[in-house]
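Each reported figure results from applying straightforward, stated rules to the coordinates on display, with no laboratory input. Since the structure is predicted, the reported quantities are computational estimates derived from the model, not experimental observations. Cβ sites come from the backbone with ideal geometry, for glycine too, and all protein chains shown count toward neighbours.
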Amino acid sequence: MRTHSWNSSVSRRSSVKAMSAGVAALLGLGSGSALAANMTPVLDGSPWRSYRATPDQRGVASGTLAAAPALKWEKPSKDGWVAGVAIVGDRVYAPALEGFVHCFDLKTGEEIWKYRSIDDPDPKKFAAGFKAAPLVTDSAVYVGDEEGVLHALDRKTGKKLWHFASGAEIAGCVAQYGDKLLLASHDSFLYCLSLDGKEVWNFQTNDRINCSPGIADTFTFVAGCDEHLRIIDLQTGKETRDMPLESFLIASPAIVGDLLYVGTHTGLIVCVDWRKGEFVWKYEGPRKMPFHASACVTDDLVIVGGHDKHVHAVERATGKPRWTFPTRAKIESSGAVIDQRFFVGSGDGNLYGIDIMTGKEVWKYNAGRDITAGVAIGEGYLVVGEDEQNGRLLCFG
């Protein structure tokens, strides 16, 4: 079993303002142009606080991004970057598989602080790595590690506030509901914690939970290896519905009103009416291969990359295919949408920008290494990591 940010070839390691973007688009500037390279993004007050940016997990960014994003800085890490990052204000919060959480200056890449998953300063001592994206609030950073510990850090200093130990790896991002935190673990439990790390309630499923809990109204949604979608009342911690999905899930669900959208390991994209417990539609591509990435859901489309090496866009209302976009390797990166573009990494070493109306490529960056981490877009910048030894964290603006 694997998490949405986990690649089969990898072990533990054996803002540009709207006017500027419009001008660049009109001039047809590519990523190599002098003007594109010299444009400095302006922080636009549009953060990306968690794995899919918002509690409904639609993966849609607000704000702006340059028409031709240029690489601003890069940061290598010994074991690479498999987790998505958070972008809030002028900071990037980046968990690394090497066992560190880094806080970087968004514009320059300068390190502000870093936190290690263990207190031992000995660099030879094993430190549990981070595969889960962080949740960043006004005061804290919450992120789980591969040994099942949730770390709560002071956002300004990186100092540990508290930790909570679950029974197994934490693969998904923490979610916040009011003054409570939701944590899913491979130990099969969904935990509800207070903001000071005390357990309020827990709910046990029948197997590992891979996803980040999505939130709509007063409910949360979890699915994983037991092949069930479970709807939990956040006020009571009780299950209100248990719906068989006929597949285990790696991806996290996106929610729009009463409808939930997710790709499955058996190669389907499904739309579920979670209140009724019914499938609304199912989409199967030309080659039925797994979807491990989480989908982006716009007003009209559901967009997600699959193991068949293609990005698939289907109509949100009907599940009918709109377009597909080919890459040269399987896609495990959870993409992000901003304005009319979908950005996603591929195992072929490329980061792609795709026009969501036409399915045509509008931008590409060749990193040369697998990009399986989730894409984050906030404050006028795009940040994503490479999943290989000495892989780099890449920041574009």
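Some points to look at:
- Per-residue Cβ neighbour rank within 10 angstrom, fewest leading, MET243, MET289, MET357: MET357, MET289, MET243
- Maximal additional length on extending the LYS364-ILE112 stretch stands at 87.7 nm, based on 0.36 nm per residue less the C-alpha distance.
- Only one item in (i) 5, 26, 36, 25, 8, 1; (ii) 4, 18, 25, 22, 15, 10, 5, 1, 0; (iii) 4, 16, 15, 13, 13, 13, 11, 8, 5, 2, 0 matches P(r) over Cα pairs in 10 Å bins from 0, in percent derived from the coordinates shown, and that item is (i).
- Karplus-derived 3J(HN,Hα), 6.51/-1.76/1.60, for each residue of segment 234-248, Hz, glycine and proline x: 5, 7, 10, x, 9, 6, 9, 7, 10, 10, x, 9, 6, 6, 7
- Stretchable slack from ASP299 to ALA165, in nm (0.36 nm times residue separation minus alpha-carbon distance): 44.4 nm
- Under the convention that each Lys and Arg Cβ holds +1 and each Asp and Glu Cβ holds -1, the size of the dipole of segment 18-380 around its Cα centre is about 680 debye.
- In terms of surrounding Cβ atoms within a 10 Å radius of their Cβ, TRP81, TRP113 rank from fewest to most as TRP113, TRP81.
- Here the Karplus curve 6.51 cos²θ - 1.76 cosθ + 1.60, taken at θ = phi - 60°, turns the phi angles of segment 171-180 into couplings of 9, x, 6, 6, 10, 10, 9, x, 9, 10 Hz, with x standing for Gly and Pro.
- GluC sites (Glu not before Pro) lying in DSSP loop within segment 50-114, provided at most 15 other Cβ fall within 10 Å: GLU110
- Reachable aspartates and glutamates, given that their alpha-carbon falls under 16 Å from the alpha-carbon of LYS72 and they are not under 8 places away in the same chain: ASP90, ASP105, GLU110, GLU111, GLU379, GLU386
- Set LYS238/LYS320; LYS114/LYS364; LYS180/LYS309; LYS107/LYS156; LYS282/LYS330; LYS131/LYS364 screened for pairs whose C-alpha atoms are more than 27 Å apart: LYS238/LYS320; LYS114/LYS364; LYS180/LYS309
- Rg/Rh for segment 160-311, where both radii come from Cα atoms and Rh is the Kirkwood radius: 0.97
- Among the trypsin sites (Lys or Arg not before Pro) found in segment 151-230, those both in a DSSP coil and sparsely packed, with 15 or fewer other Cβ atoms within 10 Å of their Cβ, are LYS156, LYS159, LYS198.
- For segment 312-397, trypsin sites (Lys or Arg not before Pro) are listed when DSSP marks them as loop and at most 15 other Cβ atoms sit within 10 Å of their Cβ; the list is ARG328, LYS360.
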